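Engineer: Would you mind keeping the following structure in view while I ask a few things?
The values are calculated or read from the model by the stated rules, or taken from the named source; none is laboratory data. Just so it is clear, the model here is predicted, and its values are computed rather than measured. Using ideal geometry, Cβ is built from the backbone for each residue, glycine included, and neighbour counts are taken over all protein chains shown.
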């Protein structure tokens with residue numbers, strides 16, 4: 001089966017990689033469609049990739065103008081199945097698949113805990129896509145519940161005779177196109193004296209020495225830094241949080257807020273609350289970030305649950321007819 005896998009860079013792409021495996025999507029001859037940066041180049045090294053311009057949150061006109069390109073891509077690839085986790089970036093490709101009568105699956109982000117994303121609503125009302133929600137969902141029978149990407153993780157206290165001494169940190173703000181200056185200011189304040197690895201994304205900033213902070217790192221380098229650091233501070237992005245947990249760390253999360261011009265809505269706040277309830281993160285408002293939050297996160301470790309103990313929602317993947325590898 002020829003499969004087209006479409007997602008915007010960052011957390012949506014990370015989710016798509018995991019969910020495609022979880023839902024047993026045939027990816028042996030898959031073509032990926034995403035935006036190009038150091039992280040996506042690293043993650044998709046060796047894969048068939050079509051790089052196209054990014055579409056940021058709220059850039060509706062730019063997304064709409066992408067429909068002709070999406071149709072050309074699908075005419076060239078001729079996929080039998082298109083799978084996407086969003087975000088707005090994916091809407092022209094979802095619509096193009098509907099126009100071509102290509103089977104389409106849309107999996108909404110794990111950040112959406114109270115209702116579908118705007119892309120999810122678009123997929124529900126404007127396309128013929130099959131709709132999947134991670135976890136229990138929001139009670140809409142149009143959405144099929146499947147295990148979420150965070151079901152596989154749990155956290156536990158590190159064995160230690162004394163409070164850990166923290167000296168190294170990573171600050172990672174993902175690939176979101178909106179700046180997050182409050183996070184930079186908070187991290188500079190509490191990490192004075194630390195050895196810090198920075199990935200500020202589109203947020204331009206300088207350190208205490210007046211030098212620009214690193215904006216982009218290859219995914220392999222960033223993930224390695226997560227594993228080596230004493231503590232990790234990140235925004236409430238699915239991809240960032242997943243990457244930190246994969247490295248055995250419990251992150252300190254600073255959620256972007258719409259009222260501060262850091263995101264189009266407050267889904268990161270909702271997501272941060274959900275992750276905190278699962279015990280997989282320490283959450284703080286940037287202005288309230290303190291050494292206590294850092295110490296609390298450093299005292300925990302993350303690891304994958306044994307397969308037999310993973311949390312499953314009511315609807316199981318086995319109830320869904322899936323194309324096999």
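Engineer: Could you grab me the full set of residues in the stretch 141-176 that are within 25 Å of residue 24 (Cα to Cα) and free of Cβ contacts under 8 Å to residues at least 24 places away in the same chain?
Structural biologist: Quick first cut of the stretch 141-176, residues within 25 Å of residue 24 (Cα to Cα) only: 141-154.
141, 142, listed by residue number.
Engineer: Search the stretch 26-40 for residues being over 21 Å from residue 243 (Cβ atoms) and assigned to a loop (DSSP other than H, G, I, E, B), and hand back the single one that is modelled with the highest pLDDT.
Structural biologist: Result: 30.
Engineer: Within the stretch 138-157, can you find the residues that are more than 23 Å from the chain's Cα centre (by Cα) and either over 23 Å from residue 241 (Cα atoms) or buried (at least 19 other Cβ atoms within 10 Å of the Cβ) (or both)?
Structural biologist: If the condition is that a residue be more than 23 Å from the chain's Cα centre (by Cα) and either over 23 Å from residue 241 (Cα atoms) or buried (at least 19 other Cβ atoms within 10 Å of the Cβ) (or both), then 139, 140, 141, 142 are the ones that fit.
Residue-wise test of (1) under 25 Å from residue 146 (Cβ atoms); (2) surrounded by 15 or more Cβ atoms within 10 Å (Cβ to Cβ).
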site	(1), (2)
8	yes, yes
48	no, no
67	no, yes
73	no, yes
93	yes, yes
97	yes, yes
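Engineer: Considering only residues that are free of Cβ contacts under 8 Å to residues at least 60 places away in the same chain, out of contact with any strand residue (DSSP E or B) (no Cβ under 6 Å at 6 or more places or on another chain) and assigned to a loop (DSSP other than H, G, I, E, B), look in the stretch 248-283 and name the one that is farthest from residue 159 (Cα to Cα).
Structural biologist: 265
Engineer: Based on this model, can you work out whether residue 245 counts as under 16 Å from the mean Cα position of the chain (by Cα) and part of a helix (DSSP H, G or I)?
Structural biologist: The answer is yes for residue 245.
Engineer: Next up: Only one of 23, 43, 88 is closer than 30 Å to residue 214 by Cα and at pLDDT below 90. Can you tell me which? Working first, answer last.
Structural biologist: Values: 23 fails: closer than 30 Å to residue 214 by Cα; 88 fails: at pLDDT below 90.
The match here is 43.
Engineer: Another question, if that's okay. Of all residues in the stretch 196-242 being in a loop (DSSP other than H, G, I, E, B) and in contact with a strand residue (DSSP E or B) (Cβ under 6 Å, 6 or more places away or on another chain), which is surrounded by the most Cβ atoms within 10 Å (Cβ to Cβ)? It would help to see each step written out before you state the result.
Structural biologist: Restricting attention to the stretch 196-242, the residues satisfying the condition of being in a loop (DSSP other than H, G, I, E, B) are 200-205, 207-211, 213-218, 229-230, 236-237.
With the extra rule that they be in contact with a strand residue (DSSP E or B) (Cβ under 6 Å, 6 or more places away or on another chain), the set shrinks to 213-214, 217, 229-230, 236.
Values: 213: 19, 214: 16, 217: 20, 229: 23, 230: 18, 236: 29.
Across the stretch 196-242, the extreme among qualifying residues is 236.
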